[in-house]
Amino acid sequence: MRKLIILAIAATMFAACSNQAKVQSDQVQSTKENFLDLARQRFAVREYAQTPVEQAKLDSILEAGRLAPTAKNVQPQHIYVLQSPDAIAKINELTRCAYGAPVVFLVCYDTDLVWSKDGHDTGDMDCSIVGTHMMLEATELGLGTCWVKWFDPAEVAAAFELPANHKPAFLMPCGYASENAKPSDYHFSRKPLSETVTYK
């Protein structure tokens, strides 16, 4: 009788573990599908509505950037949230690629903190990872973004009186896409994996 009880308990535990493993597997598959859907939804928005972006959404986007990995985890990024009328007018004077967004993230890295090796630092790489997290979180929240490098970093740094150790990496206009916003003609042109991946 005791053996039967032990076997029954073992069978119950095995079934529970199997069911838990299936649930976890389903969750991983769902997350994978959701992420790929999110990646497919994102496109460079170059026309924005003038609807203000809620602070809670800005906080969530910035938190996504905070969670991004950086070299040696030194987290050298410093993000300026340009949203006041004065700041938006100023950035519009410095680049034609703010596209009328109500918010522009000015993503910089701290040259005093950034990790470097053999004369090369990882500031741009770190900021790119941070920016990608932010961009995808914005998409998840129903907002549009655009990755912008069309500006003079020295002019931007001077205009916003940035500390000497804060080097601008890129701009990211952000806001609700206008009704007329759509992906560019070449957005969907993607090379097949056979051209960009090699197994060794």
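The values are calculated or read from the model by the stated rules, or taken from the named source; none is laboratory data. Note that this is a predicted model, so its numbers are computed, not measured. Neighbour counts are summed over all protein chains in view; Cβ atoms, including those assigned to glycine, are modelled from backbone coordinates with ideal geometry.
Residue count for the stretch 132-163, restricted to those that are outside any helix (DSSP H, G or I), within 16 Å of Ile79 (Cα to Cα) and not β-branched (Val, Ile, Thr): 7. Of the residues Tyr99, Tyr80, Tyr48, Tyr109, the single one that is more than 18 Å from Pro173 (Cβ to Cβ), in contact with a strand residue (DSSP E or B) (Cβ under 6 Å, 6 or more places away or on another chain) and not polar (S, T, N, Q) is Tyr109. Could you tell me whether Cys174 is closer than 15 Å to Leu82 by Cα and among the hydrophobic types (A, V, I, L, M, F, W, C)? Yes. Identification of helices (runs of 4 or more DSSP H) wholly contained in the stretch 1-120 with 3 or more residues that are at pLDDT below 95 yields 2-41.
In this structure, does Ala138 turn out to be over 21 Å from the mean Cα position of the chain (by Cα), hydrophobic (A, V, I, L, M, F, W, C) and either on the phi > 0 side of the Ramachandran plot or surrounded by 15 or more Cβ atoms within 10 Å (Cβ to Cβ) (or both)? Write out each step before concluding.
Working: over 21 Å from the mean Cα position of the chain (by Cα): no; hydrophobic (A, V, I, L, M, F, W, C): yes; either on the phi > 0 side of the Ramachandran plot or surrounded by 15 or more Cβ atoms within 10 Å (Cβ to Cβ) (or both): yes.
Criteria not met by Ala138.
Restricted to the stretch 61-82, and to residues there that are surrounded by fewer than 17 Cβ atoms within 10 Å (Cβ to Cβ) and not hydrophobic (A, V, I, L, M, F, W, C), the residue that is farthest from Leu113 (Cα to Cα) is Glu63.
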